[in-house]
1. Would you kindly identify the strands (runs of 3 or more DSSP E) lying entirely within the stretch 1-104 that contain at least 2 residues that are over 27 Å from A141 (Cβ atoms) and open to solvent by less than 50 Å² (accessible area, probe 1.4 Å)?
2. Check E150 against each of (1) under 27 Å from Y8 (Cβ atoms); (2) at pLDDT 85 or above and name the one condition it does not meet.
3. Taking the options A109, A117, name whichever one is in a loop (DSSP other than H, G, I, E, B) and under 12 Å from the mean Cα position of the chain (by Cα).
4. Determine the pairs where a residue that is free of Cβ contacts under 8 Å to residues at least 12 places away in the same chain, located within the stretch 39-56, has a partner that is of a type outside the set (G, A, S) and open to solvent by less than 50 Å² (accessible area, probe 1.4 Å) with Cβ atoms under 8 Å apart, the partner being 6 or more residues away or on another chain.
5. Filter the stretch 95-115 for residues that are touching a residue at least 40 places away in the same chain (Cβ under 8 Å) and in contact with a Ser or Thr (Cβ under 9 Å, 6 or more places away or on another chain); which is nearest to F59 (Cα to Cα)?
6. Any idea which residue in the stretch 105-138 is farthest from P27 (Cα to Cα), counting only those that are open to solvent by 40 Å² or more (accessible area, probe 1.4 Å) and polar (S, T, N, Q)?
Amino acid sequence: MSTIDTKYFGPMAYDEESCFEFPWGLPAFEEERRFLPLEMPGHKPLVFLQSTGNPALCFIAIPVLLADPGYALVAAPDDLQALGLALDRQPRIGSDVLVLTLLSIQQDAPTTANLLAPVVVNLANRRALQAIRHDAVYSHAQPLAYQEEECSC
């Protein structure tokens, strides 16, 4: 077991194998390559992506199908290859990959989800990346259909 100090959750023990590995980091955070997914009681369906290298860096996400139940993943061949997935088909959400959408939470504005660039995690090897779409089907600031009534956070 390893331990990290976090800004928002205090010291936490965790298993190294539970981390997501981002080979290139996240856009604007390229140096951060390991994130621990945290699901906290009372805050479901939120997933906190806590950096293991920077105690103050923690992204808030939800499973993409909660933001848009009809979401269609389209990952580029380079992304599929980087994740170690088959190149001849799109991965299945829930069985091949976990797909999370990062949330933007602002005090005086509605919470939005980044459906244009979801975080895609290969469930077999826990390798992850932010798969930036090259179409205009989804927005980087999609208002959520539900708000605080479903999440007591």
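1. Correct list: 2-6, 10-14.
2. Among (1) under 27 Å from Y8 (Cβ atoms); (2) at pLDDT 85 or above, the lone unmet condition for E150 is (2).
3. Just a single option satisfies the conditions, and that option is A117.
4. Going by the 8 Å Cβ cut-off, the qualifying pairs are E39/L46; E39/V47; E39/F48.
5. For the stretch 95-115, the residue satisfying everything is L103.
6. Q107
The values are calculated or read from the model by the stated rules, or taken from the named source; none is laboratory data. All figures in this text were calculated on a predicted structure; none of them were measured in a lab. Cβ atoms come from the backbone with ideal geometry, glycine included; neighbour counts cover every protein chain shown. These area figures cover heavy atoms from the full protein model, side chains too; ligands, DNA and RNA do not enter into them. Shrake-Rupley method; radii C 1.70, N 1.55, O 1.52, S 1.80 Å.
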